[in-house]
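The values are calculated or read from the model by the stated rules, or taken from the named source; none is laboratory data. Keep in mind that what you see is a predicted model, and the values were worked out from it rather than measured. For neighbour counting, all protein chains shown are included, and Cβ atoms are generated from backbone atoms with ideal geometry for every residue, glycine included. Side chains included, ligands, DNA and RNA excluded: accessible areas come from the protein's heavy atoms. Shrake-Rupley method; radii C 1.70, N 1.55, O 1.52, S 1.80 Å.
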Amino acid sequence: MIPIFDSKRQYKLIGEEAEKAVCEVMRSGSYILGKNVQALEKELAEYLGCKYTVGVNSGTDALHIALRALNIGKGDEVITTAFTFVATAEAIGMVGAKPVFVDINPDTFNIDPDKIEAAITPDTKAIIPVHLYGQPCEMDKIMAIAQKHNLRVVEDCAQAIGSSYKGKKVGTFGDIGCYSFYPTKNLGTMGDGGLCTTNSEELKEHIIALRNHGSHVRYHNDELGLNSRLDEIQAAILRVKAKYVDEWDRQRREHAAYYNKLFANCPDVQTPVEADNTYCVYHQYTVKIPNRDEVHKMLGEAGIGAMLYYPIPLHFQKVNAWLGMGKGSLPHTEADTECVISLPMFPEITKEEQETVAKTLIDCINKSKSKVGV
Ligand SMILES: *Cc1c(COP(=O)(O)O)cnc(C)c1O
């Protein structure tokens, strides 16, 4: 069995250090918004190259709080992609705004900047580009459009810690960047966690208030907020793991290059394209294949933990049915939803395992072809 991701192997490397850090927090008696959260926020601001970061409870909350901090709500529209995890659009709905989905560039799976302007209306307030699978969006074009139309930009960086565009880390281009520390992310904790980044002191203060019941001064509540604090235990674990993230990202890139080599002579497997000027951290290694559903099933039976990210585009989800977007409204999104498959990818995967994955995938594709007679 080769899993898509393996937390246990990573634990062998960081376990001892993390256990020590967690025990220290438990003994300290300080569990919420203590010195670990403060230190992590400072360390990650330095790592990412932005002025401030604010720890929150999850990536989903980071997106929700970011939109609240920018005063986006009822009657507003936010442009984003339908080829992403549900949380991106969920955050838009949670503040009472309307998600407006724009099609992707089928090479990068990311929002197509050339299609954004046509989606702008007088109600548009913001754009949420998602750096999907760790591949940075074309931030130059997106920021230029935002500037021209006076729109805010919230970057969904949940899958892209360490990724950069023209040498600058993602999450530092827009007004606010949102990271997730869900256990399987490139920097994951042992529970839930998230982070907002910003260069604006005013936004930072607003985010700090929103994560803690809308309060700047204890028991003085200025606006509706959330209980969305990153806790000390998660922050302590993240401080241990953050030291390894560059090395882990580098290993992921090496594995991606090896997969590319293994599939080099297979016209049936369309390997990922790295856009110019980007450093992609391969949160997922996602290929396009024929007979995807059949092959996915066969891979499962062969013990390969391949996954579909994501099997249903967001405009076809029940929760977004009220938008009334029918079949054919986002052609590239819809086509890619049906042919993408993500293969096992994590820093500790071995070359032998990758070879098994590649060989099994090719076998399964060939078998599926003879089955359906293509
Ligand atoms: C994981 C993820 C989120 C949500 O993060 P959580 O920490 O799980 O709430 C948001 N957007 C994308 C693209 C993600 O992959």
**Asked** Name the residues in the stretch 122-142 that are more than 13 Å from the ligand (Cβ to nearest atom) and either open to solvent by 50 Å² or more (accessible area, probe 1.4 Å) or assigned to a strand (DSSP E or B) (or both), would you?
**Response** Pro122, Asp123, Thr124, Lys125, Ala126, Ile127, Glu138, Asp140, Lys141
**Request:** Test Ala257 against the stated conditions and say whether it is under 24 Å from Thr172 (Cβ atoms) and either in contact with a strand residue (DSSP E or B) (Cβ under 8 Å, 6 or more places away or on another chain) or open to solvent by 20 Å² or more (accessible area, probe 1.4 Å) (or both).
**Result:** no
**Asked** Can you tell me how many residues in the stretch 1-27 are open to solvent by 70 Å² or more (accessible area, probe 1.4 Å) and over 30 Å from Tyr309 (Cα atoms)?
**Response** 6
**Item:** Single match in Val273, Val287 (criterion: crowded, with 20+ Cβ neighbours inside 10 Å, of a type in the set (A, V, I, L, M, F, W, C) and away from the ligand (no atom under 16 Å from the Cβ))
**Value:** Val287
**Those residues of the stretch 224-252 which are assigned to a strand (DSSP E or B) and closer than 27 Å to Arg152 by Cβ, in sequence order** = Asn227, Arg229
**Request:** Kindly indicate which of Thr81, Thr60, Thr88, Thr53 is open to solvent by less than 20 Å² (accessible area, probe 1.4 Å) and in contact with a helix residue (DSSP H, G or I) (Cβ under 6 Å, 6 or more places away or on another chain).
**Result:** Thr53
**Prompt:** Only one of Asp175, Asp156 is at pLDDT 95 or above, in contact with a helix residue (DSSP H, G or I) (Cβ under 9 Å, 6 or more places away or on another chain), within 10 Å of the ligand (Cβ to nearest atom) and farther than 22 Å from Lys243 by Cβ; which?
**Reply:** Asp156
